[in-house]
Amino acid sequence: MDLWIIWLIAGAVLLIIELLSGIVATLCVAVGCIAAAVAALAGTGIELQLASMAAGIILAFIFIAPMVNRMRRRKSGRREEYNSNMNALIGREAIMTKEYVSEAEPGRARIDGDNWQVRSADGSPVPRGSHVTVTGYESIILIVKRTEQ
């Protein structure tokens, strides 16, 4: 088997590891393996292949790693834009399907076809059919306030 194929396989395996783990160092070593594969394909000896690999790794750490880290920081800084689970319900409007009387007897409200247990933010009763806005949650109980319609 030609040496360039071995370098290419090593680079591919390292890229897969990078995708699964997110460790930037494996990406840099994969770039070095690809550089060594190019050197082997050009017909150079093992010494020049190893030197190409080392140069590829160093250049990847200098140029690619900071770029990847910047992209990850930018992406994690916007994470709140993509609320999921209960946070996605805050600010949404719902319709009461069961009257809220007190904390001992919570009401129910429908949002997008899902029926949630709710309680009033200020503790006042909320009649069935009222429009409410979700202001928060405690465990799986939504906290709502009446919306003026």
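Since every read-out is calculated from the coordinates, none of them should be taken as a lab result. Everything quoted here is computed from the prediction, not taken from an experiment. Every residue, glycine among them, receives a Cβ derived from its backbone with ideal geometry; neighbour counts consider all protein chains shown.
Structure notes:
- Label selected from [x] 1.06; [y] 1.94; [z] 0.95, the criterion being Cα Rg over 2.2 N^0.38 Å as computed here: [y]
- At full extension, V13 and L50 could sit 11.5 nm farther apart than now, given 0.36 nm per residue minus the alpha carbon distance.
- Shown here for the stretch 95-149: chymotrypsin sites (Phe, Trp or Tyr not before Pro) in loop regions (DSSP other than H, G, I, E, B) with at most 14 other Cβ atoms within 10 Å, of which there are none.
- Note on the chain: helix-only mean residue ellipticity at 222 nm, from DSSP H runs of 4+ residues weighted -39500 (n - 2.57) and normalised by residue number, equals -14000 deg cm²/dmol.
- Estimated FRET transfer efficiency (M71, E105; beta-carbon r; R0 35 Å; 0.05): 0.10
- Label point 7 Å beyond Cα of A42 along Cβ direction - residues of the stretch 2-20 with amide nitrogen under 17 Å: 3-5, 7-8
- Exposed-loop-free span, longest in the chain, where trypsin sites (Lys or Arg not before Pro) count as exposed if DSSP calls them loop and at most 16 other C-beta atoms lie within 10 Å: 1-77
- Shape class of the stretch 1-68 from the Cα gyration tensor (axes a ≥ b ≥ c, square roots of the eigenvalues): oblate, since a/c reaches 1.5 or more and a/b does not exceed b/c.
- Scanning the chain for GluC sites (Glu not before Pro) that sit in a DSSP loop and have at most 10 other Cβ atoms within 10 Å, the longest stretch containing none of them is 1-102.
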